[in-house]
Amino acid sequence: MAEDKLHRQNIVACVWDFDKTLIPGYMQWPIFRHYGFDEKIFWREVNRLPEVYKKRGQVVSPDIIYLNHILTYVRNGIFPGLNNALLRKLGAQLTFYQGLPGFFQTLKDIVARHPLYARFEIRLEHYIISTGLAEMIRGSAIAPHVEGVYGCEFIEDPLPPRFEEQKEFEMDAAAEIGQIGQIVDNTIKTRFIFEINKGTNKIDTIDVNSKIAPEDRRIPIENMIYIADGPSDVPVFSVVRKHGGQAYAVYEPKNEKEFAQNDELRSGGRVDHFGRADYREKSDTFMWLTSHVRQICDRIVLQSEEALSRRVGRPPRHIHRDDPAYDRGPRQSDLFPEKSAATDKEPAGA
């Protein structure tokens with residue numbers, strides 16, 4: 001490790017997909033309920049659009065055509081008054097898989113309350129990268145626990161041609177979304193992995209395409225775990241694992257088809273492991289993620305001690321889990337004080 005670095009690289013990042021990873025199904029349903037419109041009709045049309053446009057000799061992206069169709073519904077008066085404020089308000093209606101959003105804080109506490117990790121100022125951050133609507137995520141219950149949200153964005157009341165020549169613009173209280181501001185598809189997601197890696201979300205002067213030495217990047221990808229629901233996230237799984245990070249796939253509990261898809265991903269070396277989208281204590285997903293967050297922290301401690309030993313001339317102290325003096329982390333009673341001493345145990349296998 002280099003002695004003089006731009007960042008200390010003592011941050012662990014859990015990077016999450018959203019739809020079918022943190023919530024059952026897709027996030028747009030509150031929009032349809034708000035306007036009293038049958039969402040099945042909308043999605044049936046969306047699924048047909050690529051074929052219809054292809055017959056016209058026009059190529060569209062299947063991943064993001066739904067954004068244009070939402071705008072078509074706004075222009076045609078089916079979704080009147082749909083704007084970013086309303087999207088954020090509707091995001092509050094989203095319901096999460098069991099154990100969320102509390103599990104996000106549990107992971108942070110496991111790192112923050114461990115004396116050895118605290119000594120080296122290690123901390124954990126959560127990020128969400130989604131092909132869904134960023135404003136709905138920002139309005140949801142998970143938002144306070146998240147460091148950054150990357151998703152599709154809409155522009156309200158787009159500026160007209162020659163807008164620079166106009167001295168004043170009328171303030172329209174009934175703003176509506178009118179253009180796409182940012183798109184995120186399953187390939188573009190990889191770009192945001194590198195934004196988090198390089199720290200462009202923290203330092204405006206650093207561009208995602210800037211050349212930055214590995215030792216100067218804010219969060220090494222080897223300090224990341226990417227969690228998503230399956231085959232559509234293979235591009236991100238591949239990038240994260242190629243650069244030393246870990247990939248974990250989740251499936252809807254009791255869904256045999258999704259289980260089989262994720263088992264195939266693991267067999268093909270696309271993910272490190274997979275489990276149910278159940279984030280309650282002692283679930284397989286809870287235990288795998290907490291265990292591997294600790295493993296990343298242990299490695300950061302060891303690297304930090306080795307770097308320190310080079311500066312002060314003392315041998316590094318290797319950390320072993322079977323060392324009685326080594327505290328693997330806060331007990332469950334520390335994270336959940338309401339529990340009795342009888343249940344004050346770490347989940348088996350963590």
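The values are calculated or read from the model by the stated rules, or taken from the named source; none is laboratory data. Here the structure is a predicted model, which means the values were calculated and not measured. Glycine also receives a Cβ, built like all others from the backbone with ideal geometry; neighbour counts cover every protein chain displayed.
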Notebook entry, point to check: Regarding residue 20, is this residue of a type in the set (D, E, K, R), at positive phi and either touching a residue at least 40 places away in the same chain (Cβ under 8 Å) or surrounded by 17 or more Cβ atoms within 10 Å (Cβ to Cβ) (or both)?
Noted result: yes
Check: Can you tell me how many residues in segment 32-64 are within 21 Å of residue 184 (Cα to Cα) and not in a helix (DSSP H, G or I)?
Finding: 7
Next item on the list: Taking residue 120 as meeting all but one of (1) aromatic (Phe, Trp, Tyr); (2) at pLDDT below 95; (3) buried (at least 19 other Cβ atoms within 10 Å of the Cβ), write down the number of the exception.
Entry: (3)
Note to self: Conditions first: (1) of a type in the set (A, V, I, L, M); (2) over 22 Å from residue 120 (Cα atoms); (3) modelled with pLDDT under 85; (4) in contact with a helix residue (DSSP H, G or I) (Cβ under 6 Å, 6 or more places away or on another chain). Residue 348 passes all but one, so which condition is the exception?
What the structure shows: (4)
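Residue-wise test of (1) touching a helix residue (DSSP H, G or I) at 6+ places or on another chain (Cβ under 6 Å); (2) surrounded by 17 or more Cβ atoms within 10 Å (Cβ to Cβ); (3) among the charged types (D, E, K, R).
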| position | (1), (2), (3) |
| --- | --- |
| 10 | yes, yes, no |
| 25 | no, no, no |
| 32 | yes, yes, no |
| 43 | no, no, no |
| 51 | no, no, yes |
| 61 | no, no, no |
| 64 | no, no, no |
| 70 | no, yes, no |
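Per-residue answers, yes or no, for (1) modelled with pLDDT of 95 or more; (2) surrounded by fewer than 21 Cβ atoms within 10 Å (Cβ to Cβ); (3) part of a helix (DSSP H, G or I); (4) in contact with a strand residue (DSSP E or B) (Cβ under 9 Å, 6 or more places away or on another chain):
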position	(1), (2), (3), (4)
274	yes, no, no, yes
304	no, yes, yes, no
309	no, yes, yes, no
317	no, yes, no, no
Notebook entry, point to check: Taking residue 290 and the conditions (1) in contact (Cβ under 8 Å) with a residue 24 or more places away in the chain; (2) within 22 Å of residue 108 (Cβ to Cβ); (3) in a loop (DSSP other than H, G, I, E, B), which numbered condition does it fall short on, given that it satisfies the others?
Noted result: (3)
Check: Taking residue 329, is it of a type in the set (Gly, Ala, Ser), in contact with a Lys or Arg (Cβ under 8 Å, 6 or more places away or on another chain), at pLDDT below 95 and under 23 Å from residue 129 (Cα atoms)?
Finding: no
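Somewhere in segment 233-250, is a residue closer than 27 Å to residue 303 by Cβ, hydroxyl-bearing (Ser, Thr, Tyr) and in contact (Cβ under 8 Å) with a residue 40 or more places away in the chain?
Within segment 233-250, one or more residues are closer than 27 Å to residue 303 by Cβ, hydroxyl-bearing (Ser, Thr, Tyr) and in contact (Cβ under 8 Å) with a residue 40 or more places away in the chain.
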Check: Residues in segment 86-101: is at least one of a type in the set (Ser, Thr, Tyr) and in contact with a helix residue (DSSP H, G or I) (Cβ under 6 Å, 6 or more places away or on another chain)?
Finding: no
